[in-house]
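To start, the structure itself, in structure tokens.
Please treat every number below as a calculation from the coordinates, not as lab data. Not measured: the values here are computed from a predicted model. Cβ coordinates were reconstructed from backbone atoms using ideal geometry, including for glycine residues, and neighbour counts include every protein chain displayed.
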């Protein structure tokens with residue numbers, strides 16, 4: 001790890017100190033006489049590290065200690081204030097690089113500890129659906145992903161295809177690796193922007209959010225995976241700004257496209273990259289030509305690889321563009337006619353953003369932009385990054401809590417800049433409030449998990465189908481519960497696993513009706529939604545097709561399970577309630 005940080009150390013290129021000068025006078029929150037006496041400016045090492053260098057470390061130790069203690073059933077308090085102060089003073093006396101390594105290690109432990117209780121949680125809808133398609137991904141069938149259609153980019157499916165080799169736990173390990181990588185990159189980026197203290201504070205802010213159940217980060221959402229190359233792209237931009245080396249600009253372009261090829265809403269790094277290259281070219285004549293060329297070359301590499309893959313697999317570029325962009329436009333039109341008003345859908349993001357502490361960090365990020373305005377390139381880049389992230393969260397029309405993850409990297413780094421430049425008492429108050437909020441959220445999530453184990457209906461229904469299925473059987477869940485498909489493990493003759501696809505894809509509803517009226521109809525049909533949900537069956541044709549081609553086999557957790565009427569039915573209709581906590585294993 002020491003060698004890794006050394007390779008990316010933004011100060012090793014002997015950047016003239018005049019380039020850092022504009023950062024020092026952060027408006028109204030710059031170093032006071034007291035902090036100058038203690039050496040607490042965020043842009044240089046503190047001579048008396050015991051005085052103020054251990055503040056962020058103190059809250060990190062407190063957060064890790066309290067979290068570990070609470071997971072054991074009791075809050076572990078320090079033996080005494082004097083003992084804690086002595087430990088922090090010893091930590092503050094360490095060399096700067098060693099302090100950063102220790103702080104980074106603590107942040108990584110915290111992120112993993114917060115995720116640990118959710119390792120055995122069954123896969124959610126998106127996770128299960130993507131894992132199902134990745135597991136069954138094979139060539140042919142004229143679709144990007146074989147027999148199934150999905151509007152997600154190929155790098156995401158590729159990552160899940162590797163992860164699903166380890167089953168559920170493999171998917172959870174993928175999420176944990178992404179969380180660890182994201183914290184590391186955020187620390188390095190904070191360090192590159194405003195010095196070691198800002199890097200440590202950025203890590204402290206990021207660790208609880210990458211392990212927050214309230215924004216879904218404890219699972220393996222695509223946003224968490226895409227945030228790693230997105231943040232890495234911006235890190236390369238800052239390293240290019242410090243070192244003047246075009247190779248970092250090239251890497252930034254490639255990573256920005258990589259992020260979008262995991263989650264297409266992650267165009268934020270690309271927006272930041274274009275803004276960075278434009279303002280750098282305007283301010284510095286020596287990079288006016290080579291940096292745009294380097295960034296364009298970096299962008300071209302993954303795009304070229306994508307085109308080669310499409311050609312080798314004999315897939316249509318038009319089909320890819322529709323899945324990547326066109327379907328999203330159809331989806332926005334469909335959601336515009338939703339019976340749930342837009343402001344109600346937006347409110348679903350407000351509570352988790354508040355309770356997780358993300359709102360505090362975003363507010364700090366807005367203030368942090370003011371601290372960067374002494375360097376035009378940095379303030380433009382971070383402003384563009386924050387704007388792109390906000391559009392990525394709010395621009396899709398549907399709003400799930402894991403979308404908020406896109407705001408985490410830019411908010412943590414920008415907020416760390418202003419916190420690092422504040423007075424010691426201010427840092428103590430801000431980090432203390434944030435620690436209290438995030439710890440409270442973690443404890444609340446654990447309590448809810450114990451009382452309401454998730455995905456019990458999905459597992460119960462899937463287990464029934466899997467236990468009664470015979471070789472060659474197929475399945476369909478009306479209109480969607482993709483994780484039921486994953487846990488039941490049967491193939492499906494219908495290519496659309498999400499309800500939004502049935503609602504928004506041209507011809508998807510008619511295709512489903514033709515399938516249910518044919519000899520290719522699925523062996524098992526789980527009615528998760530009523531046939532006329534979202535006004536998908538105004539003429540009751542679905543109900544007639546079900547009555548004509550199926551018989552009721554079971555009702556599990558309130559969901560009817562039908563079997564084709566030309567297959568031998570179970571001896572009697574099973575009616576079972578959902579099992580209690582601990583009653584099911586995946």
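Report the FRET efficiency, 1/(1 + (r/R0)^6), for residue 322 and residue 566, where r is their Cβ-Cβ distance and R0 is 56 Å, rounded to 0.05.
Numbers: r = 36 Å, r/R0 = 0.65.
After rounding, the FRET efficiency stands at 0.95.
Please list 369-380, 171-182 highest first by mean number of surrounding beta-carbon atoms within 10 Å per residue.
Working: 369-380: 19.6, 171-182: 21.2.
The densest-packed peptide leads the list: 171-182, 369-380.
Can you order the peptides 321-329, 267-275, 356-364 by their average number of other Cβ atoms within 10 Å per residue, highest first?
Numbers: 321-329: 15.4, 267-275: 24.7, 356-364: 22.0.
Averaged packing, sorted descending, gives the order 267-275, 356-364, 321-329.
If you scale each eigenvalue of the Cα gyration tensor by 5 and take the root, what three semi-axes come out for segment 98-185, rounded to whole angstrom and sorted largest first?
Working: eigenvalues 201, 40, 15 Å².
Here the semi-axes work out to 32, 14, 9 Å.
I'd like the distance separating the alpha-carbon centroids of segment 179-213 and segment 465-521, in whole Å.
42 Å
For the residues 330, 566, 151, 467, what sequence is obtained by ranking on other C-beta atoms within 10 Å, fewest first?
On the way: 330 17, 566 11, 151 20, 467 8.
Listing 330, 566, 151, 467 from fewest to most nearby Cβ atoms yields 467, 566, 330, 151.
Along Cα→Cβ, 7 Å out, is where each label goes; now give me the distance between the ones at residue 165 and residue 284 in nm to one decimal.
4.1 nm
Where the eigenvalues come from the Cα gyration tensor of segment 253-293, what are the semi-axes √(5λ) of the equivalent ellipsoid, largest first, in whole Å?
Details: eigenvalues 114, 18, 4 Å².
Result for segment 253-293: semi-axes of 24, 10, 4 Å.
Given bins 10 angstrom wide, list per bin the percent of all Cα-Cα distances in segment 442-492, short to long.
Histogram of Cα-Cα distances, whole percents per bin: 24, 40, 22, 12, 2.
For a paramagnetic label modelled at 7 Å from the Cα of residue 449 toward its Cβ, which residues of segment 395-421 fall within the zone defined by backbone nitrogen distances under 20 Å?
401-405
Could you tell me the ratio Rg/Rh of segment 433-569? Both radii from Cα atoms, Rh via Kirkwood.
Numbers: Rg = 18.0 Å, Rh = 16.4 Å.
Ratio of gyration radius to Kirkwood radius for segment 433-569: 1.10.
Say R0 is 56 Å: what FRET efficiency, to the nearest 0.05, do residue 440 and residue 313 get from their beta-carbon distance? Please list the in-between numbers first.
Numbers: r = 49 Å, r/R0 = 0.87.
Computed FRET efficiency for residue 440 and residue 313 comes out at 0.70.
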